[in-house]
1. Are any residues in the stretch 19-58 in contact with a strand residue (DSSP E or B) (Cβ under 9 Å, 6 or more places away or on another chain), part of a loop (DSSP other than H, G, I, E, B) and open to solvent by 50 Å² or more (accessible area, probe 1.4 Å), and if so, which ones?
2. Does the stretch 86-105 contain any residue that is charged (D, E, K, R) and near the ligand (Cβ under 10 Å from one of its atoms)?
3. Given the criteria surrounded by fewer than 19 Cβ atoms within 10 Å (Cβ to Cβ) and in contact (Cβ under 8 Å) with a residue 12 or more places away in the chain, does Phe102 qualify?
4. Would it be correct to say that Gln126 is over 27 Å from Thr23 (Cα atoms), surrounded by 14 or more Cβ atoms within 10 Å (Cβ to Cβ), at pLDDT 95 or above and over 14 Å from the mean Cα position of the chain (by Cα)?
5. Working only within the stretch 153-170, note down all residues that are touching a residue at least 60 places away in the same chain (Cβ under 8 Å) and open to solvent by 60 Å² or more (accessible area, probe 1.4 Å).
6. Residues in the stretch 110-120: is at least one part of a helix (DSSP H, G or I) and at pLDDT 95 or above?
7. Return the residues of the stretch 1-43 that are near the ligand (Cβ under 9 Å from one of its atoms) and under 14 Å from Asn114 (Cα atoms); say none if nothing qualifies.
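The values are calculated or read from the model by the stated rules, or taken from the named source; none is laboratory data. Quick caveat: nothing in here was measured; it's all calculated off a predicted structure. Every residue, glycine as well, gets a Cβ built from its backbone with ideal geometry; the counts of neighbours run over all protein chains shown. These accessible areas exclude ligands, DNA and RNA; they are computed on the full protein's heavy atoms, side chains included. Shrake-Rupley method; radii C 1.70, N 1.55, O 1.52, S 1.80 Å.
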Amino acid sequence: MRDVPLTGVERFFDDNDIIVSKTDLKGRITYANQVFLKIADFREAEVLGEPHSIIRHPDMPRCIFKTLWDTVQAGHEIYAYVVNRTKGGDHYWVYAHVTPSFDAQGRIVSYHSNRRVPDRAILESQIIPLYRQLKAIEDAPASRKDGLAASERAIADLLAEKGLAYDEFVATLAA
Ligand SMILES: Cc1cc2nc3c(=O)[nH]c(=O)nc-3n(C[C@H](O)[C@H](O)[C@H](O)COP(=O)(O)O)c2cc1C
């Protein structure tokens, strides 16, 4: 899918819709609702067992996904703005709430994401410029590893400057 070029065309979904998917511990998709399949242009059989990177958009900074995984693997929920790509190369922005699910012994057994329509003003004024900046920092070093370390430092510095934890920062934006 990733070799299908991006079109630059944005897609939108309804304010009342929730794009839902669930994964196993490795991040392989075990469930996707109709809203997910419709906006991303996939059939259910094409996504089940696949990682979410089938809808990964190249504009997303890797440090955001690193924060997402570190947070849910530690047993916490996270909110994040994410731009995804469709099978045909269009894109759509979401405001995602990702949570771990636990068994009776308190062990993490799966992950769940509910995505809603993001606030357009926040996207335009804060998120798109921030992600562009993080992506540029990430892409500057020759190695991927150094790039990720640099963008993680940049986001940590930004949060320290604001005196906020990541979730407080995102909640402030959403307020
Ligand atoms: C429940 C859950 C939902 C996710 N949803 C998305 C998503 O909508 N888009 C996305 O690009 N990555 C999503 N991810 C993150 C992916 O697992 C992955 O980290 C990301 O696509 C980057 O992939 P890459 O490291 O292979 O480039 C989700 C992860 C979890 C646990």
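1. Passing the criteria: Leu25, Lys26, Leu48, Glu50, Pro58.
2. Of the stretch 86-105, the ones charged (D, E, K, R) are 87, 90, 103.
Keeping just the survivors that are near the ligand (Cβ under 10 Å from one of its atoms) gives none.
Checked against the condition, which is being charged (D, E, K, R) and near the ligand (Cβ under 10 Å from one of its atoms), the stretch 86-105 yields no hits at all.
3. Working: surrounded by fewer than 19 Cβ atoms within 10 Å (Cβ to Cβ): yes; in contact (Cβ under 8 Å) with a residue 12 or more places away in the chain: yes.
Taking the combined requirement at face value, the residue satisfies it.
4. Numbers: over 27 Å from Thr23 (Cα atoms): yes; surrounded by 14 or more Cβ atoms within 10 Å (Cβ to Cβ): yes; at pLDDT 95 or above: no; over 14 Å from the mean Cα position of the chain (by Cα): yes.
No: the conditions fail for Gln126.
5. Correct list: Asp167 only.
6. From the stretch 110-120, those part of a helix (DSSP H, G or I) are 120; that's our starting set.
If we keep only those that are at pLDDT 95 or above as well, we get 120.
Yes - at least one qualifying residue is present in the stretch 110-120.
7. Within the stretch 1-43, Ile19, Ser21, Lys22, Thr23, Ile29, Phe36 qualify.
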